1. Among residues other than LEU235 whose Cβ falls under 15 Å from its Cβ, what is the net charge (Lys/Arg +1, Asp/Glu -1)?
2. Given 20 °C and 1.002 mPa s, compute D for the range 263-314 with the Stokes-Einstein relation, Rh being the Kirkwood radius over Cα pairs; round to the nearest whole µm²/s.
3. Tell me the volume per residue, in Å³, of the convex hull enclosing the alpha carbons of the range 259-407.
4. Taking the range 59-117 on its own, what percent of its Cα-Cα pair distances exceed 18 Å?
5. Largest first, please: the extent of the C-alpha atoms of the chain along each principal axis, to the nearest Å.
6. Give a residue-ordered list of calculated ³J(HN,Hα) values for the range 224-241 (Karplus: 6.51 cos²θ - 1.76 cosθ + 1.60, θ = phi - 60°; whole Hz; x for Gly, Pro).
7. Apply the Karplus parameterisation 6.51 cos²θ - 1.76 cosθ + 1.60, with θ equal to phi minus 60°, to every residue of the range 247-262 and state each ³J(HN,Hα) to the nearest whole Hz, in sequence, with x for glycine and proline.
8. Once each part is reduced to its C-alpha centroid, what is the distance from the range 44-120 to the range 285-330 in angstrom?
Amino acid sequence: MSSAFDFEPQPRRASVAVDVGGVIVGGGAPVVVQSMTNTDTADVDQTVAQVAALHKAGSELVRITVDRDESAAAVPKIRERLLRLGIDVPLVGDFHYIGHKLLADHPACAEALAKYRINPGNVGFKDKKDKQFAEIIAMAMRYDKPVRIGVNWGSLDQELLTRLMDENQAKGFPLTAQQVTRETIVQSALLSAELAEELGLPRNRIILSAKVSGVQDLIAVYAMLAARSDHALHLGLTEAGMGTKGIVASSASLGILMQQGIGDTIRISLTPEPGGDRTREVQVAQELLQVMGFRQFIPVVAACPGCGRTTSTVFQELAQKIQEDIRASMPVWREKYPGVEALKVAVMGCIVNGPGESKHADIGISLPGTGETPAAPVFIDGQKAMTLRGPKIAEEFQLLVADYIEK
Ligand code: SF4
């Protein structure tokens, strides 16, 4: 028979800690939130602005594309400008195809970055693949930087896939094509990590990722990786998609993996709406970690969905306003009270669940539902503190929340 303990999160999988410019990934450190810019890295102004925005939103590492000489040349300038603004967020260089060449030709870029991301599926040109991989690893050792070996099934190592498909055929197809693909993804990451270690890169300089776009594939691939290595793991669903679909798919897959103790850093890859806010993915990552109880970032507003017992929108507007106010003060909260459990505020629509939910919050209000006496009890630290009445209930409650935060 299962017990309540069976539903607790599994202990974090033991992984080797990796220091990424002062941010520890793995080794039991809190799961790190990271993000990636979508500016042209050669455009220093735009990239600095976006890195700053992502960092302000809570991204603890920020990855930038380094795809050509102009972007490699811009990296040290970006780092310098950020430091002048007082922003010391580690920058991760995202390399494909010619990373070995860019790092060799731009030593200031190699130095300014805190980590190099390599894609074993396209690290070099076919016959020179191992040599170019070795060159990047040599650069990582020279500059004492960690690497992320980031497999992506959109650019999977085709030689390895063909070999494993052939082997599967020779054995009479014990695995489905989907299973062979998953195995290829996992092996691509593990073989590359093995090669990097043989070349001399220490284990505590290697992070692995294996991104796919299907939820079940992602869960399977990371469970396999977790079972077969102790490298720190970067989780992310690639091409998660737009809007609610991307949020739901990322949250479902990453949530299940983290519940199993798997994952040392996460990125939520959302396709922004045209002109949309890139920082949304950071907010989603933080909220995912927070709702699962792994980290505390922001004050929480619990609000009921409303129903036929409340026909006014007062409580929805109040919940929205309170959430906006306390999120605006979020950076202050984090700096002022590191490690303190985030504030919980409840804004409820009627007497059914209002008082109960409000008592569980640090401060909560139960607004009067349709037909109820126009009175709103306020609960502070689990005790009924007062009852608000009249047309200014919302404003008065906002003042009480501000006062509570201040105290
Ligand atoms: Fe409806 Fe009241 Fe429940 Fe809110 S607390 S959903 S208003 S019954």
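1. +3
2. 156 µm²/s
3. Per-residue hull volume (Cα only) is 153 Å³.
4. Tail of the P(r) past 18 Å holds 24 percent of the pairs.
5. Rounded to whole Å, the extents work out to 79, 57, 36 Å.
6. Residue by residue, the range 224-241 yields 5, 4, 5, 6, 10, 7, 10, 6, 4, 10, 9, 9, x, 8, 7, 6, 4, x Hz.
7. 5, 5, 5, 5, 5, 4, 6, 5, x, 5, 5, 5, 4, 8, x, 9
8. A separation of 34 Å, based on Cα centres.
Rule-based calculations on the coordinates, nothing more; no lab input. What you are looking at is a predicted structure, and each value in this text was computed from that prediction instead of being measured. Note that we place each Cβ from the backbone using ideal geometry, even for glycine, and neighbour counts take in every protein chain shown.
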